[in-house]
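Notes follow once the structure below has been shown.
The values are calculated or read from the model by the stated rules, or taken from the named source; none is laboratory data. Note that this is a predicted model, so its numbers are computed, not measured. Positions of Cβ are backbone-derived with ideal geometry, glycine not excepted, and every protein chain shown enters the neighbour counts.
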């Protein structure tokens with residue numbers, strides 16, 4: 001029995017035998033821990049705003065989110081958040097800090113093109129689509145809720 005001719009099916013089989021298996025369990029564990037720690041830090045910020053600055057529970061969320069976004073943008077600018085993202089994967093990308101990181105990274109990539117044409121335009125490439133999706137989704141859900149209230 002000789003060697004089989006190399007075709008697409010045999011090539012995929014041979015290629016897969018040389019690829020290392022990704023550590024799925026470890027990746028999930030790292031994402032869970034880092035994402036959880038980011039959320040715990042957010043909860044600590046919320047409690048700080050409630051107890052130190054006399055915000056209500058409802059109103060403390062806004063400065064908490066703003067603080068998380070600011071800290072994430074600063075960490076991205078100093079190169080810290082990228083290292084965290086390489087370590088944690090989705091655990092650092094899912095919270096609001098991941099969104100701030102992606103916007104800041106896009107802006108920093110194009111800073112050599114100038115403040116307006118480089119930073120500002122690339123800052124809103126990602127944010128613009130997310131904001132538009134959020135507004136349209138809220139509008140559609142509002143219409144559905146209104147129709148639901150008319151029916152029932």
Query raised in the report: Going by the conditions given, is residue 82 in a helix (DSSP H, G or I), out of contact with any strand residue (DSSP E or B) (no Cβ under 6 Å at 6 or more places or on another chain) and exposed (fewer than 12 other Cβ atoms within 10 Å of the Cβ)?
Result: no
Query raised in the report: With respect to the numbered conditions (1) at pLDDT 95 or above; (2) under 27 Å from residue 29 (Cβ atoms), which one is the sole condition not fulfilled by residue 98?
Result: (1)
Query raised in the report: Would you pick out the residues in the stretch 71-86 that are within 13 Å of the chain's Cα centre (by Cα) and touching a residue at least 24 places away in the same chain (Cβ under 8 Å)?
Result: 72, 73, 76, 84
Report task. Test residue 135 against the stated conditions and say whether it is surrounded by 10 or more Cβ atoms within 10 Å (Cβ to Cβ) and free of Cβ contacts under 8 Å to residues at least 60 places away in the same chain. Result -> yes
**Report entry** Filter result for the condition that a residue is at pLDDT 95 or above, on the phi < 0 side of the Ramachandran plot and in contact with a helix residue (DSSP H, G or I) (Cβ under 8 Å, 6 or more places away or on another chain), over 60, 106
**Finding:** 60
Query raised in the report: Does the stretch 8-25 include one or more residues that are over 22 Å from the mean Cα position of the chain (by Cα), in a helix (DSSP H, G or I), at negative phi and surrounded by 12 or more Cβ atoms within 10 Å (Cβ to Cβ)?
Result: yes
